[in-house]
Amino acid sequence: GAGVSQSPSNKVTEKGKDVELRCDPISGHTALYWYRQSLGQGLEFLIYFQGNSAPDKSGLPSDRFSAERTGGSVSTLTIQRTQQEDSAVYLCASDLGETQYFGPGTRLLVL
Amino acid sequence: SQKIEQNSEALNIQEGKTATLTCNYTNYSPAYLQWYRQDPGRGPVFLLLIRENEKEKRKERLKVTFDTTLKQSLFHITASQPADSATYLCALLTGGGNKLTFGTGTQLKVEL
């Protein structure tokens, strides 16, 4: 596809479980970003990849959150031991220049 | 502290009128500012970018101004249409790469 894709689109999990969210950026885009958007809130930066390295992971809220990117393409965001406050929409974006292209997001609900 | 503020109250206007949305920021010196549109259940979509040395940028019915002295950007939609109803987010370049910091957005509703 031409755009950024994310999977799953929705995820319901129980507190304490681990979840893995996936992002497929636009082919050729070297930069990839993860954001979190809680209900009625703005986008909160989590982590930025340039290629496979993460020069800025300052937004990760705790050590339960981690992300990796392989082959300069697909990225996964992993949340361990999920908590109810992790419930949000997780958005991924990629860019080649100054414009970020967003995926549709993964809606995570932690019960 | 660093802050980006957008009017949290929804803006309701009549079709055909000009909508004006505000983005104020403190303690940033961004090289550029961007505006995005977000529809319910979707990711934001890029609309316009304006650089620190530009005062105004236009694209079709959209106009953005950027006043680095006032630390403010205004986003205008002229001849508004119901299809313009969405949440509009401003974002500043604040870090390495193209790291953006977003405002909380303003919801616009254009009524017939």
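Bear in mind these aren't lab numbers, they're just calculated from the coordinates by the rules spelled out. Since we're looking at a predicted model, the values are computed, not measured. Reconstructed Cβ throughout: ideal geometry from the backbone, glycine too, with neighbour counts over all protein chains shown.
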Share of Cα-Cα pairs in chain A beyond 22 Å, in percent? 24
Of all DSSP beta bridges located in the protein assembly as shown, what percent are antiparallel, nearest 5? 90
Inside 10 Å of the C-beta atoms of B:41-48, what's the mean count of C-beta atoms belonging to other chains? 6
Based on the mean of other beta carbon atoms within 10 Å per residue, what is the order of B:63-75, B:46-58, most packed first? B:63-75, B:46-58
Can you work out ³J(HN,Hα) from phi for every residue in segment B:69-76, in order, using Karplus 6.51 cos²θ - 1.76 cosθ + 1.60 and θ = phi - 60°, giving whole Hz and x for Gly and Pro? 6, 7, 6, 8, 10, 10, 10, 10
Here the FRET efficiency for B:Glu54 versus A:Thr76, based on Cβ atoms and R0 = 30 Å and rounded to 0.05, is 0.20
Taking every pair of alpha-carbon atoms in segment B:44-112, give the share separated by more than 14 Å as a whole percent. 64
Give a residue-ordered list of calculated ³J(HN,Hα) values for segment B:51-58 (Karplus: 6.51 cos²θ - 1.76 cosθ + 1.60, θ = phi - 60°; whole Hz; x for Gly, Pro). 8, 5, 9, 10, 8, 8, 9, 10
HN-Hα couplings for segment B:33-43 via Karplus (6.51, -1.76, 1.60; θ = phi - 60°), in whole Hz with x for Gly/Pro, come out as 10, 10, 10, 10, 10, 10, 9, x, x, 10, x
What does the charge dipole of segment A:1-78 about its Cα centre add up to, to the nearest 20 debye, if the Cβ of each Lys and Arg holds +1 and the Cβ of each Asp and Glu holds -1? 120
Computed E for B:Gln14/A:Ser66 - FRET, C-beta separation, R0 45 angstrom, nearest 0.05: 0.40
Just need the relative contact order of segment B:1-89 here, percent rounded to a whole number, with Cα pairs under 8 Å and 6+ apart. 33
For B:Arg61, what charge total do you get from the other residues with a beta carbon under 15 Å from its beta carbon, if Lys and Arg give +1 and Asp and Glu give -1? +2
Give me the extension gain from B:Asp39 to B:Asn27: residue separation times 0.36 nm, minus the current Cα-Cα distance, reported in nm with one decimal. 1.4 nm
For the protein assembly as shown, just list the percent of Cα-Cα distances falling in each 5 Å bin from zero outward, please. 1, 7, 15, 18, 18, 16, 12, 8, 4, 1, 0
Mind putting a number on the dipole of chain B about its Cα centre? Charges go on the C-beta only, +1 for Lys and Arg and -1 for Asp and Glu, and I need it in Debye to the nearest 20. 240
